[in-house]
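Have a look at the structure below before the remarks.
The values are calculated or read from the model by the stated rules, or taken from the named source; none is laboratory data. Every value quoted in this text rests on a predicted model; they were computed, and no experiment measured them. Cβ placement follows ideal geometry from the backbone for every residue including glycine, while neighbour counts extend to all protein chains displayed. Just so you know, the surface numbers come from the protein's heavy atoms only, side chains and all, with ligands and any DNA or RNA stripped out. Shrake-Rupley method; radii C 1.70, N 1.55, O 1.52, S 1.80 Å.
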Amino acid sequence: MDSDASMHRCLFIFYKVADMKHKLGNIVFIVLVILTVVVWLVFPPINDGREDFLRTYAGEVLGSLLVVLMSFSLFLSTRPKWAEPYFGGLDKMYMTHRSTSTSAFLLMFVHLLVVPITTVNLRLGNYLAMIAFLGIVAIVLPTLAPRIPFLNKLTNSTYEGWKKLHRYIGIFFIAGYLHALNIDALSAFIAINWTQIFFIIGVVSYVYTEFLGGFFGKHSPYVVEAIKHPNNSTTEVALRPKGKPIQHTHAGQFLFVKFLGDKSLNESHPFTIASAPHEDVLRITIKACGDFTRHLFQNLKSGTEALVEGAYGMFNYKTGGQKQIWVAGGIGITPFLSFLRDLKADLSHHVDFYYTVRHEDEAVFADEIREIAKQNPKLKANIRFSSVHGSLTVDEIVKNAGGDVSGHHVYMCGPLPMVQAFEKKFVEAGIPQDNIHYEEFNFR
Ligand SMILES: Cc1cc2nc3c(=O)[nH]c(=O)nc-3n(C[C@H](O)[C@H](O)[C@H](O)COP(=O)(O)OP(=O)(O)OC[C@H]3O[C@@H](n4cnc5c(N)ncnc54)[C@H](O)[C@@H]3O)c2cc1C
């Protein structure tokens, strides 16, 4: 086996182990949930002889699980970079955030159905329970049911409106916990203190995310050095650090940025870093698709101050085997631009690269891609205009790759429906699920 192939074999095994690592975060969360039930079973509350003891006991176990799950969600919203390898990237962390939040939300209803409800001699704890319940319902339902008009009013039907509403969730988490301390609860010293640990993690996470992040260097100051418009709906922004640059460790990562001095641009949005890690400016390429990105296209000026948070993400072709397929749809080209601009020496992987857009003028940086492909014989770049060449299909990609793709790794970024449809077809074509990697341009 020549040295190149043995080097790739070692890298491949190293990343297989890394794959397991990506699952560790979710495994730890599941273990902690099971442990919470075990703690309540091994250290049960004292039976004080009350008539509805069992229902109260079950209700308190469910309440405790609620606190544990919500503390996971609040912890993940702090965007802990050190935890990314254990979830497979921030976009995957947001998926866990979404599932722990939804599970907590549904469990809240089960808790409500199980606990004995009293309507007389109401205590502070009962009022806090109502506040917590109604608050969480008002915040979560617009997320789960964006099509319920009156709920959408709460968010002006915008993502930003939803994000702003979301920021109050911590207050109702605290109200929920205080409710537990102000009702006629069972005495369960160990189980309640176990739950308290998660309550504290949740509150500290919430305060950090909403109030303290800035003080802990979460944001780095940058200035807009240059702006280009590669076509009539895309903006390329070059950002130069004013102080210590963010850690941009590998090509394919993304950042959060907000621009100061313009109210419409002073909100944090995620964009992939399209430049290579060795460049001394960060370049992001932005498609105008909503209120923030359209306003940016028309109004962002050089010299504007910006606050950047990052870099995040584990989308990295170097984690895969030697034979690869890259698929970029529309603005999903940005992580691949970073991969290509990062090529210092010849590309060591064999890559069939497909970049598909509807019309030719949407293909930003096509000449640059073709130029890089000319210099890298192992990179086969196919730039497709579906209005001319027809839609790109997985069958065609598999045929071009020689038919047997069972050993290939696939990297995709683009509109979610396209990525999910291609993923299904690639699996049918024999590519193992773990060999398919994609970056979601949507956390919600
Ligand atoms: C990891 C990642 C990398 C991305 N990289 C790029 C890129 O390189 N180039 C590019 O053009 N776009 C990229 N996007 C998408 C970009 O963030 C959205 O298009 C942009 O935020 C839209 O904002 P808007 O107000 O113009 O549109 P809106 O109409 O408000 O939002 C359109 C959609 O964008 C998403 N979105 C909006 N605001 C936010 C936000 N603050 N945080 C997270 N998602 C939001 C929501 O899914 C929303 O449904 C990326 C998204 C993610 C998650």
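Using 0.36 nm per residue of separation minus the Cα-Cα distance, give me the extension gain between residue 110 and residue 318 in nm, one decimal.
Result for the pair: 70.4 nm of gain on full extension.
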Report the local net charge at residue 61: Lys and Arg +1, Asp and Glu -1, summed over other residues whose C-beta lies under 15 Å from its C-beta.
-> -1
Applying the span-like rule to the chain (DSSP H, Cα extent along axis at least 20 Å, Kyte-Doolittle mean at least 0.5) gives 3-42, 53-76, 90-114, 124-144, 189-207
Cα gyration tensor of the stretch 239-320, axes a ≥ b ≥ c as square roots of the eigenvalues: rounded (a/c below 1.5), prolate (a/b > b/c) or oblate?
-> prolate
Gyration tensor verdict on the stretch 317-438 (Cα atoms; rounded if a/c is under 1.5, prolate if a/b is larger than b/c, oblate otherwise) | oblate
The summed charge of the residue 398 Cβ neighbourhood (under 9 Å; Lys/Arg +1, Asp/Glu -1) stands at -1
Protection proxy (average C-beta count within 10 Å per residue), highest first, orders 234-243, 298-307, 71-80 as 71-80, 234-243, 298-307
Express the relative contact order of the chain as a whole percentage, based on alpha carbon pairs under 8 Å and six or more residues apart in sequence.
-> 14
Per the C-alpha gyration tensor (a ≥ b ≥ c, the square roots of its eigenvalues), the stretch 19-215 is rounded if a/c is under 1.5, else prolate if a/b beats b/c, else oblate; here it's oblate
Residue-count net charge about residue 301 - beta-carbon cut-off 12 Å; Lys, Arg +1, Asp, Glu -1 = -3
In nm, give the distance between the simple-model label positions of residue 207 and residue 371, each being 7 Å from the Cα along the Cα-to-Cβ direction.
-> 5.3
Nearest 0.05, what FRET efficiency do residue 21 and residue 299 give at R0 = 35 Å with Cβ-Cβ as r?
-> 0.25
Label 7 Å along Cα→Cβ of residue 389; the stretch 406-444 residues with amide nitrogen under 16 Å?
-> 413
Subtracting the Cα-Cα distance of residue 187 and residue 416 from 0.36 nm times their residue separation yields 77.5 nm
Among beta bridges that DSSP assigns inside the chain, antiparallel share in %, nearest 5 = 55
Any aspartates and glutamates with Cα under 16 Å of the residue 23 Cα? List them, leaving off those in the same chain fewer than 8 positions away.
-> 84, 91, 434
For the stretch 287-444: accessible area per residue (Å², 1.4 Å) | 43
Computed FRET efficiency, Cβ-Cβ of residue 232 and residue 346, R0 41 Å: what is it to the nearest 0.05?
-> 0.70
FRET efficiency for residue 41 and residue 425, Cβ-Cβ distance as r, R0 = 41 Å, nearest 0.05?
-> 0.35
Quickly estimate the mean residue ellipticity at 222 nm for the chain, helices only: each DSSP H run with n ≥ 4 gives -39500 (n - 2.57), and the total goes over all residues, rounded to 500.
-> -15000 deg cm²/dmol
Each label point is 7 Å from the Cα along the Cα-to-Cβ direction; what then is the distance between the points at residue 163 and residue 99, in nm?
-> 2.5
